[in-house]
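Okay, so here's the structure we're looking at.
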Amino acid sequence: MKLPRNVFQLLLVLEVAALVVVIIFGVIHNAQRAAMKTDKPVSNIQADKDADREEFVAKKDDTEEISDDEEGTETPKELQPAVFSEEVTAKLAAMTLEEKVAQMFLITPEALTHTDTVEVAGEGTKTAVSNYPVGGLVYASANFKNAQQTQALFSGVQQFSNERIGLPMFLAIQEVGGSDNSPLAAANGFQQQPSPAEIGASGKPEEAGKAADGIASYMVQAGMNLNLMPVAELAGGTDAAHDTMCYGTDASTASAMVAEAVNASRVKGLHTAVGIFPGKGIDGSTEEGWEAWKNSNVLVFQSCVNAGTDCIIMGNVTCEKLTGEAELFCSMSKDAVYYLRNDLGYTGILMTDSLSEEAVTGKYSSGEVAVMAVKSGINMIYRPANFEEAYQAILDAVNNSEIPIETIDQAVGYILTQKLAMAGGA
């Protein structure tokens, strides 16, 4: 029997409809199973997908922000506070703000007493120390006549300081050796030692230690306790006179010699202040200059740090790759201080170079530059053009909350750590 044509068409439609029903049932069934696995109703799946997409976009935005930081905006570098001994902490607590700030200065005796040339520790010096118990005094050849006078000068100053504040004073000079850089030896008849340039030419590091031992011996005998040496810069600059105080142009040789000089000095009880960081004449504005510095000057300064130098002098020179600014001197740069404390691991005193230099006075007042240096983390101010102005500016900055008292305590804590050790304490 032959079926009508329309019957075949009807069967075809029914088969297609059945297939559609099966597909729809399968989709619903799979969706229900997925929802059961996540303990969530089917209606929330799309919401979850939207949430996942929003999270992805947020992560992408965060990644882009991090990328921007890497390209230019870095997280500010903050120093971790130093922890001092109980004796240092107790001494800090007993000092007035004025006494603390005074301790942060190393100046000439003439700047303290307002006289032309100081050769004796008389009533004028005693009164000046009473008013401003400074951290130290730096001397020159004009202050010396002979060995007896020199010893009386230094013993008198130390007596005034101990009576006034119960602390010894840093009595400093730059005595590196050689005919032009041995003021104490020349005035007191001590045996002059060879210059660093002569020692560098010998290529023998032990000669640097031998010369430093000789210098330290007569300095301690005279009553001094701080030498502004060794010079950790490499020679080769435009200043020939300065090059005589350097151990040469080879970083490896100079590194060995400065370490010998620091060690020999400290064995004799003489503190050392090495300089001038980061090295004059370096080109720290270009990547090539920066890399050259890291492979030369920095090796010599690291050697001084490893040898335990008591102080590093920060130069009034720019180094853009270090400070982050083309015009900012290292002597007032937070990033330069951070580099020494964290990258080189230095734990001693950080002191400015002379703030009476024309490079400084042509830009800042004595008060401005002193405040900038302290805010950067510098511990001692060396030879400001106007001591009283710099001193008062720091006091004012603390009193108006521009400088936290904790910053002052940190600075003076480094100074007291060494002074109390000199006095047989901490």
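The values are calculated or read from the model by the stated rules, or taken from the named source; none is laboratory data. Everything numeric in this text was worked out from a predicted model, so none of it was measured. Note: ideal-geometry Cβ built from the backbone for every residue, glycine included; neighbour counts use all protein chains shown. Accessible surface areas use protein heavy atoms only, side chains included; no ligands, DNA or RNA. Shrake-Rupley method; radii C 1.70, N 1.55, O 1.52, S 1.80 Å.
Among the residues making up the range 215-254, those that are open to solvent by 20 Å² or more (accessible area, probe 1.4 Å) and either touching an Asp or Glu at 6+ places or on another chain (Cβ under 6 Å) or outside any loop (DSSP other than H, G, I, E, B) (or both) are S217, V220, Q221, A235, A240, A241, H242, D243, S252, T253. Is there a residue in the range 403-416 that is over 19 Å from G377 (Cβ atoms) and either surrounded by fewer than 19 Cβ atoms within 10 Å (Cβ to Cβ) or at pLDDT 95 or above (or both)? No, because not a single residue in the range 403-416 is over 19 Å from G377 (Cβ atoms) and either surrounded by fewer than 19 Cβ atoms within 10 Å (Cβ to Cβ) or at pLDDT 95 or above (or both). So is V337 open to solvent by less than 20 Å² (accessible area, probe 1.4 Å), more than 19 Å from C319 (Cα to Cα), in a helix (DSSP H, G or I) and at pLDDT 95 or above or not? Here the answer is no, as V337 does not meet what is asked. For the range 155-193, a tally of residues being in a helix (DSSP H, G or I) and hydroxyl-bearing (S, T, Y) returns 2. Among the candidates Q103, Q149, the residue that is of a type in the set (S, T, N, Q), in contact (Cβ under 8 Å) with a residue 40 or more places away in the chain and open to solvent by less than 70 Å² (accessible area, probe 1.4 Å) is uniquely Q103. Kindly establish whether V83 is under 22 Å from the mean Cα position of the chain (by Cα), surrounded by 13 or more Cβ atoms within 10 Å (Cβ to Cβ), more than 30 Å from F190 (Cβ to Cβ) and of a type in the set (A, V, I, L, M). Spelling it out, it is not the case that V83 is under 22 Å from the mean Cα position of the chain (by Cα), surrounded by 13 or more Cβ atoms within 10 Å (Cβ to Cβ), more than 30 Å from F190 (Cβ to Cβ) and of a type in the set (A, V, I, L, M).
Checking A393, A385, A397 one by one, the residue that is under 27 Å from V274 (Cβ atoms) and either out of contact with any His (no Cβ under 9 Å at 6 or more places or on another chain) or in a strand (DSSP E or B) (or both) is A385 and no other.
Take the conditions open to solvent by less than 10 Å² (accessible area, probe 1.4 Å) and more than 28 Å from L350 (Cβ to Cβ) and apply them to T115. Does it pass? No, not satisfied.
When T323 is tested against (1) open to solvent by 50 Å² or more (accessible area, probe 1.4 Å); (2) of a type outside the set (A, V, I, L, M, F, W, C); (3) at pLDDT below 95, only condition (1) is not met.
Filtered by the rule that a residue be over 16 Å from D343 (Cα atoms) and either of a type in the set (V, I, T) or in a loop (DSSP other than H, G, I, E, B) (or both), the range 78-94 gives V83, F84, S85, V88, T89. The residues listed here are E389, E357, E325, E368; of these, the one that is more than 18 Å from the chain's Cα centre (by Cα), within 27 Å of C304 (Cβ to Cβ) and among the acidic types (D, E) is E357.
Filtered by the rule that a residue be in contact with a strand residue (DSSP E or B) (Cβ under 9 Å, 6 or more places away or on another chain) and open to solvent by less than 10 Å² (accessible area, probe 1.4 Å), the range 377-402 gives I378, N379, M380, I381, F387, A390, I394. Annotation note: Cβ proximity below 6 Å between a residue of the range 271-284 that is modelled with pLDDT of 95 or more and a residue that is small (G, A, S) (sequence gap 6+ or interchain) occurs for T272/S265; V274/A232; F277/G315.
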